[in-house]
Structure formats: C-alpha cells, structure tokens
C-alpha cells in the first residue's frame, strides 16, 4: 500500500468509516500477527490474544494511537512498533502475574532464576536475567531462535548494522557478568539450552 493510500485509509478510519476499518484489518492482519509471532516467549494463543489487544488498542479513544503517525514513514513500520510494544507490555504483565505473594505485597521474581546455585547453566541464566530486556531479546533471537541479522532487524525495527553493534554490546555485557560469576566463557556462541 502506498503512503498516500495509507494516509487516506487512516483519515477515513478517524472519520468513522467502518469499511475503512475492515480494510485496515484485512490489509494489516497478517503483518501484525507475523510481528507478534517473532517476539520471544510468546505462544500461539498469546499471539491471538495480543492481536485482539492490538485492534482494541488502535480503535480505543477514537483511534488515538494513530494520530501521532505523521505519514513520513510507512504505516507498517508504525504498526510494527505498536505491536512490539504491546508484546513487551504483555510479557511484563505475565511476569507480574507469576509473582509470589509475601505479606500481602507483590514480590517480583528475577526474570531467569538459576536452577542450581553452583551450576554453570544456572549462572548463565542469572547473568541473562541481569541483562536488559533488549539485550536478552537480541541474544535470544540470535542464538536460541537462530535468526539472521536481517530477521532481527525487521522484528525489532533496527538497521542490520545496528543489530550487529547492539548484539556485540549485549554479548560483551553478558561476558562481563559471566566472568564476575566465574563461568568459563569458551566460545562466542551461547548454549541454546540456557533459556535466553
């Protein structure tokens, strides 16, 4: 869809045209679902739930989420960012619901807890849990899902060059954490069984 057509479609939707909303859903459904499928640790039922949330998110408050879109970049790029942010919010929400209740307060568990205090796998999990969500996402995509730099760039809305730099920095931060916990770092390729 051309940029002019996208601008016209969004204007029609904001004007209340139900046909434009149907066209929007038909045009962007597969794209948004594919963006959600690429997010780490989401099951297929999560993707369907998130797609429904995405539609509601777009529709609520008179299409408030579409108003900031200026039309200088494609609508797909903008919608992809919204979908990725919803997926991140969903993962945070799921983490909150998996928390323990202690003395009436919610206590957050670390994102990745070691199974055994002394095992290398446990220390790697703990180190991964100490990284930012973005660093974990990069490492998970590259070494667990074995995605190419291009696939990672498309999923995260980055350039291929930026993926290389960001992945190198994430790996460096992980290496420093592993060295502090005295885990031997043998190769650049991380073990996929460590549960990124």
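Derivation of every value follows stated rules applied to the coordinates shown; laboratory data play no part. Predicted model only: the values in this text are computed from it and were never measured. When we count neighbours, we look across all protein chains shown, and the Cβ atoms used for this are built from the backbone with ideal geometry, even at glycine.
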Just rank 154, 135, fewest to most, by other beta-carbon atoms within 10 angstrom. 154, 135
Here the gain from full extension of residue 59 to residue 31, 0.36 nm per residue of separation minus their alpha-carbon distance, amounts to 8.3 nm
If I take all pairs of Cα atoms in the stretch 3-97, what percentage of them are more than 15 Å from each other? 60 percent
Packing-based exposure ordering (other Cβ within 10 Å, fewest first) of 82, 58, 176: 176, 82, 58
Sort 4, 17 so the one with the fewest other Cβ atoms within 10 Å of its own Cβ comes first. 4, 17
